[in-house]
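Beneath this line is the structure, given in structure tokens, with notes to follow.
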Amino acid sequence: MFDAKISETTVTQNDIKIAARKVQVYYGEAHAIKDVSVDILDKTVTAFIGPSGCGKSTFLRCINRMNDTIPICRVEGDILLDGEDIYDKRVDPVNLRARVGMVFQKPNPFPKSIYDNVAYGPRIHGLARTKADLDEIVERALRRGAIWEEVKDRLHQPGTGLSGGQQQRLCIARAVATEPEVLLMDEPCSALDPIATAQVEELIDELRQSYSVVIVTHSMQQAARVSQKTAFFHLGNLVEYGDTEQIFTNPVDPRTESYITGRIG
Amino acid sequence: MPLSWIVLGLLAFAMAGFFLGRARATRAVQGDARKLHSLPFYYGAHVFLMTFVSAFGLLVFWMAAQPSVIGWWIGAGLEGEPGAITLQLSEIKRGAAQLLETGTSPYDAASVVGAGAVRYAGMVQAGHLFMVVAVVLVALGGFFVSLRQVSGEFRARNSVEASVRGLLIGASLIAILTTVGIFLALIFNTIEFFRIYPASQFLFGTVWQPSSGGGAMQPLGLLPLLWGTLFISAIALAVAVPIGLFAAIYLAEYATPRFRNTVKPLLEVLAGIPSIVYGLFALLTVGPMLLKVFGSGGLGWMQGASSVMTAGLVMGIMLIPFVSSLSDDIINAVPQALRDGSYGLGATRSETIRQVVLPAALPGIVGAIILAASRAIGETMLVVFGAGAAGRLSANPFEAMTTVTAKIVSQLTGDSDFTQPEVLVAYALGTTLFLVTLGLNLLAQKIVAKYREQYT
Amino acid sequence: MSGVPQKRSLLVADSQLTKRNAAESRFKIYGLAAIGAGLFFLVVLLSQIVMNGAPAFFQTQITVPLTLDPAAVAKAEKSMMKTAGYRGMLEEALWNEVERGGIETQLKSPKELREMISAGAPGNLREFALADEGNQGTEVRYTFAASSRVDGYLKGRVTREGSKDDKGIRPEHFDLIDALVAVGVVETRFNLTFITGSDASDVRPEQSGMGQSMLGSLAMMFVVLGVCLPISVAAAIYLEEFAPKNRFTDFIEINISNLAAVPSIVFGILALAAFIQFGGGKLEIEALRASAPLVGGLALSLMTLPTIIIATRAALKAVPLSIREAALGVGASRMQSVLHHVLPLAMPGILTGTIIGLAAALGETAPLLLIGMVAFVQTDIASIGDFFTAPNVGMPAQIYIWAQRADGAWYERAWGGIILLLVFLVAMNAIAIFLRRRFERRW
């Protein structure tokens, strides 16, 4: 019915990182995601946009199987990470999530020190052999999270004591510390003020150098600012997917146009 | 006039007041209730309350005060040592009671006691008469004043609601009154005890061996009892905390809703069983079982079915649901966002629980454990049966020891002479128990309140 | 930097992951084991109660043909120990039955049957004989209780080996009992006395029952309901609906939550000092005396107060603000909005909390010990006043008394008493659950 229109990609040098094929998601009886197929590229920021309740967050959470924690949720279809089906029986979601990190809507630092927050992932995955290793990983992650300069003198103070924007960058640093290949961000700026939002957006742009970033956002301006590819979801369908510039200037589907011009949403 | 008649009479009079008040209000506006400030009911209720409550209050107060006043009056006229006066006074009271009931005094009217009894009886009768007159006067006064107040503009509802509000406040003051009552009951008797028994000997004594009529010489040391109490509580917590906590973790984090809805109420059945049942279970089931293994037939560490281990194990079983349901609440209060953050980083469930959920819930869980400890320390029936009767300072958990609560029971039951130290010591024990549990409760409440603040 | 894993296939679990998953399963097993332990204890406890307590509901009875000779009755009535004559009649009747049936026994005379007959049976026979002249002179099939040792032997509590040193019974008795059971003279029947009777003296467990203590508990529950419920609900209404937020109300709240955690024995001390020593002693209020259910009920009321206040406040809190605003919006006063709208809606919750509080009070023992509700009680209730003020015991106190007698037959009674107590508790909780399910409203 509403097959996704996979547009010609202009960034052909990037490989396909994640390939979703005919994905269906059900919450009990409710059909939350209908037949979504999409290719997400490496070293690219892909934005999922659409009105609330359109399924964009649900779809995002399918990519690292966070939906497994919800008992009534059922996923059908294939999602391939580097060609391997992540819903294969042999896949341990724990392993998957180490490679597909996630940043949440509300900053959720653990009630631990800043250092321990960042070191948590490397510790559970056994990435560091020595204390010096760990120190190095933590510092590099905090630098990538663009928060090192602000916290380097108080690494052992609780992460919950930081401001909202700092907390979110800490959470990004925490996600980066496990060396993921894909970074999923679920409305990472919705709880932040404009200045913090600008800092996080700048950070997202830098992260593109190393990762495939998928960001769910409510703000079309944000999608336009940070992403190279944009997917528009509506009522559980992937309506349109293509280069961000094309989606915002010359949408193919009338629903996309209505949304972008503010008639639905 | 018997008391019940007075009360019934008052009620009838006040009911009459209700109807008169209501009628007067309706009449004041020529039957047009819309012109009244309040519904007619409230005018009646106003008269009822003004009539009944004031007179009834006076009645209760008079009844409470009269015996003390008369006793003080008569006592002031007696001569001799304070102790002798008290004795004489109680004889006078007994004589007066008999005089009032049968009309004949057991004492010679010429003797001090006999004359006192006659005077006493006379005063009781006179006091009763005065009381009836005073109550009737107050009731009439309330009746007429309130009835005169009734008019179309009178704000009867506000007046009635103010009274009801007063009653509500009075009810909530009962809680304070109870605490004050506990405090007074304990403190006065404890002071009395320390007057006839050296405080240091009680607080630091290491031997507990009360003997009837032993006076201040008998050893009434707190330490063996405190040791038994703490030893049993420690074993109980060692059983209840791991089991309760792990059960709570499983129920909160792993269990399917169906499993949870079946198992949780079942575990809570353990909490609903009265402690005397656990006492019997300790004495007749667990004790003999332990005795088979650790008694003279086995390892030889245990002499009888009652022991610290017996009581501690069973108390542990009793506290499992207490620990688990408190911990369950607290674990559920940890925000889901923290769990998601951990899962999102690729942590397993157990890693998330151990490294994120439990550290976050730790203050609350500590609070729960403190509350459980306070429960264990205050538990009575279980230790009366399970722990033993002799106070002992020993490190062997298979020996019978006794606790503060068990000794409060044993010293205060039976024929107690409330002037002897071996009876009064129960109040000093009660004070110790009250202060310790109060301290633990306040501490736990503070910790838990702070914890809840953190996540709301 | 080392240890960063090479990009591996998702489908292959590395050794580290295997280890982590093993830790995961172990952790899960700890949880299940903890729940298993809890349920295991519950099963053991309940099965112990049922196994040990069920025999109390049965009593061994002896049925023999018996003719009451009016002359013998008259003679027995003249002697000092009136029941002694009746005991002789029972022994005689049983002896006749043995001889008639041709049962061989080593026992030589009717007197030696004494150990098999309940010490209370002669008294019952006397009542039977004096109740109606017609009972005398004709043959009736008369049933009377066997002694507690015979009873215990048939229930398996008393064994031949265990009774070697027991002066109360001999092997010859056991042989005779076996023979009498075979011909149906001795049989075990349902024991109504255990449910309706009162306490009996030390040597007559077969005559004791929980009936009296159930009345005592009932009286206390009435007192708790009458005293505690109105006060608690009034206090909760004030604190939840009217109280200004200030230090004084904070103080009241701290007080209530602390009272909820005060050990029950402390309430016993309070009741002893406030009601018995001060109220009954100093103020000479006659109704307040030791062992009276009224005092017991007051002690339990103070103890239950915080429970019901907390439950009522929760129920009031659950009624949404919009209901209050709707009432205030049409011009009701605050008092009217609470009494006419909020309180009725909160009623199911209040009732549920009250029943649960009552159930806890019903099972409470410690305060009763201190106010003397552990006396030996065999009174009959004559009037309503007596119902509340005549010395009595409560169900748990009766269980305590029996358990203190430290004897197999009495332990059996105590466990049986527990079964009765638990039946009441289960019933009360079932009503509470029913109320909650039936009337619970989600806003």
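The values are calculated or read from the model by the stated rules, or taken from the named source; none is laboratory data. A quick note: this is a predicted structure, and the numbers were derived from the prediction, not measured. Please note: Cβ atoms are built from the backbone with ideal geometry, for glycine as well, and neighbour counts cover all protein chains shown.
A few remarks follow.
- Test: residue in the range C:390-400 that is over 27 Å from C:LEU294 (Cα atoms) and either in contact with a helix residue (DSSP H, G or I) (Cβ under 6 Å, 6 or more places away or on another chain) or of a type in the set (Asp, Glu) (or both): no
- Some residue of the range A:239-246 being of a type in the set (Ser, Thr, Tyr) and farther than 30 Å from A:LYS22 by Cβ: no
- Qualifying residue in the range A:81-104 (condition: at pLDDT 90 or above, in a loop (DSSP other than H, G, I, E, B) and among the aliphatic types (A, V, I, L, M)): yes
- Within the range A:162-182, residues that are under 17 Å from A:GLY126 (Cα atoms) and within 11 Å of another protein chain (Cβ to nearest Cβ) reach partners that are surrounded by fewer than 22 Cβ atoms within 10 Å (Cβ to Cβ) and β-branched (Val, Ile, Thr) with beta carbons closer than 8 Å, at six or more positions or on different chains, in the pairs A:GLU179/C:VAL4.
- Residue that is surrounded by the most Cβ atoms within 10 Å (Cβ to Cβ), among those in the range B:386-434 that are more than 17 Å from C:GLY268 (Cβ to Cβ) and hydrophobic (A, V, I, L, M, F, W, C): B:ALA387
- When C:ILE309, C:ILE265 are checked against the criterion of being part of a helix (DSSP H, G or I), over 25 Å from the mean Cα position of the chain (by Cα) and modelled with pLDDT of 90 or more, C:ILE309 stands alone in meeting it.
- Failed condition for B:VAL269, given (1) surrounded by fewer than 24 Cβ atoms within 10 Å (Cβ to Cβ); (2) under 30 Å from B:GLU399 (Cβ atoms); (3) within 12 Å of chain C (Cβ to nearest Cβ): (2)
- Scanning the range B:335-356 for residues being surrounded by fewer than 23 Cβ atoms within 10 Å (Cβ to Cβ) and farther than 14 Å from A:HIS125 by Cα gives a total of 7.
- Scanning the range B:175-188 for residues that are facing chain C (nearest Cβ under 7 Å) and at pLDDT 90 or above yields B:THR178, B:THR179, B:GLY181, B:ILE182, B:ALA185, B:LEU186.
- Where a residue in the range C:96-108 is assigned by TED's automatic domain parsing to the domain that holds C:LEU66 and at negative phi and its partner, wherever it lies, is small (Gly, Ala, Ser) and surrounded by 15 or more Cβ atoms within 10 Å (Cβ to Cβ), with Cβ under 9 Å and at least six apart: C:VAL98/C:ALA179; C:GLY101/C:ALA179; C:ILE103/C:ALA179; C:GLU104/C:ALA179; C:THR105/C:ALA179
Each row is one residue, and each column tells you yes or no for (1) on the phi > 0 side of the Ramachandran plot; (2) touching a residue at least 60 places away in the same chain (Cβ under 8 Å); (3) under 35 Å from the mean Cα position of the chain (by Cα); (4) not in a helix (DSSP H, G or I).
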residue	(1), (2), (3), (4)
B:GLY298	no, no, no, yes
B:SER350	no, no, no, no
B:LEU362	no, no, yes, no
B:ARG375	no, no, yes, no
B:VAL384	no, yes, yes, no
B:LEU393	no, yes, yes, yes
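- Among the candidates B:VAL366, B:VAL293, residue that is more than 39 Å from the chain's Cα centre (by Cα), away from chain A (no Cβ under 14 Å) and either farther than 30 Å from C:ILE418 by Cβ or without any contact (Cβ under 8 Å) to a residue 24 or more places away in the chain (or both): B:VAL293
- Matching entry among C:VAL150, C:VAL158, C:VAL185 (being in contact with a Gly (Cβ under 7 Å, 6 or more places away or on another chain) and not aromatic (Phe, Trp, Tyr)): C:VAL158
- Looking across the range C:10-35, the residues that are assigned to a helix (DSSP H, G or I), among the small types (Gly, Ala, Ser) and facing another protein chain (nearest Cβ under 9 Å) come down to C:ALA23, C:SER25, C:GLY31, C:ALA33, C:ALA34.
- Qualifying residues in the range B:101-136 (those that are of a type in the set (Phe, Trp, Tyr) and within 29 Å of B:ILE6 (Cβ to Cβ)) - the one modelled with the lowest pLDDT: B:TYR120
- Count of the range B:8-38 residues which are touching a residue at least 40 places away in the same chain (Cβ under 8 Å) and surrounded by fewer than 16 Cβ atoms within 10 Å (Cβ to Cβ): 2
- Only a single criterion out of (1) of a type outside the set (A, V, I, L, M, F, W, C); (2) in contact (Cβ under 8 Å) with a residue 24 or more places away in the chain; (3) within 11 Å of chain B (Cβ to nearest Cβ); (4) farther than 17 Å from C:LEU225 by Cα is not satisfied by C:ASN255, namely (2).
- Hey, B:TYR451 within 8 Å of chain C (Cβ to nearest Cβ), within 24 Å of C:VAL262 (Cα to Cα) and part of a helix (DSSP H, G or I) or not: no
Residues checked against (1) touching a residue at least 60 places away in the same chain (Cβ under 8 Å); (2) within 14 Å of chain B (Cβ to nearest Cβ); (3) touching a His at 6+ places or on another chain (Cβ under 7 Å):
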residue	(1), (2), (3)
C:ASP151	yes, no, no
C:ALA182	no, no, no
C:PHE194	yes, no, no
C:VAL223	yes, no, no
C:PRO230	no, yes, no
C:ALA235	yes, yes, no
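- Tally of residues being of a type outside the set (Val, Ile, Thr) and under 15 Å from B:PRO67 (Cβ atoms) across the range B:80-94: 4
- The set of residues in the range C:110-158 that are among the basic types (Lys, Arg) and either over 17 Å from C:ARG204 (Cβ atoms) or surrounded by 18 or more Cβ atoms within 10 Å (Cβ to Cβ) (or both) comprises C:LYS111, C:ARG126, C:ARG141, C:ARG149, C:LYS155.
- The residue that is farthest from the chain's Cα centre (by Cα), counting only those in the range C:323-344 that are β-branched (Val, Ile, Thr) and surrounded by fewer than 17 Cβ atoms within 10 Å (Cβ to Cβ), is C:VAL330.
- Of all residues in the range C:297-322, those that are away from chain B (no Cβ under 12 Å) have Cβ atoms under 6 Å from Cβ atoms of residues that are assigned to a loop (DSSP other than H, G, I, E, B), 6 or more apart or on another chain, in C:PRO320/C:TRP443.
- Scope the range A:105-137; condition hydrophobic (A, V, I, L, M, F, W, C) and either at the interface with chain B (Cβ under 9 Å from one of its Cβ atoms) or more than 21 Å from the chain's Cα centre (by Cα) (or both); matching residues: A:PHE110, A:ILE114, A:ILE124, A:LEU127, A:ALA128, A:ALA132, A:LEU134, A:ILE137
- Qualifying residue in the range C:63-86 (condition: more than 10 Å from chain B (Cβ to nearest Cβ), hydrophobic (A, V, I, L, M, F, W, C), in contact with a Pro (Cβ under 7 Å, 6 or more places away or on another chain) and surrounded by 14 or more Cβ atoms within 10 Å (Cβ to Cβ)): no
- Counting the residues of the range B:420-448 that are under 22 Å from B:SER200 (Cα atoms), touching a residue at least 24 places away in the same chain (Cβ under 8 Å) and either touching an Asp or Glu at 6+ places or on another chain (Cβ under 7 Å) or more than 10 Å from chain C (Cβ to nearest Cβ) (or both) gives 7.
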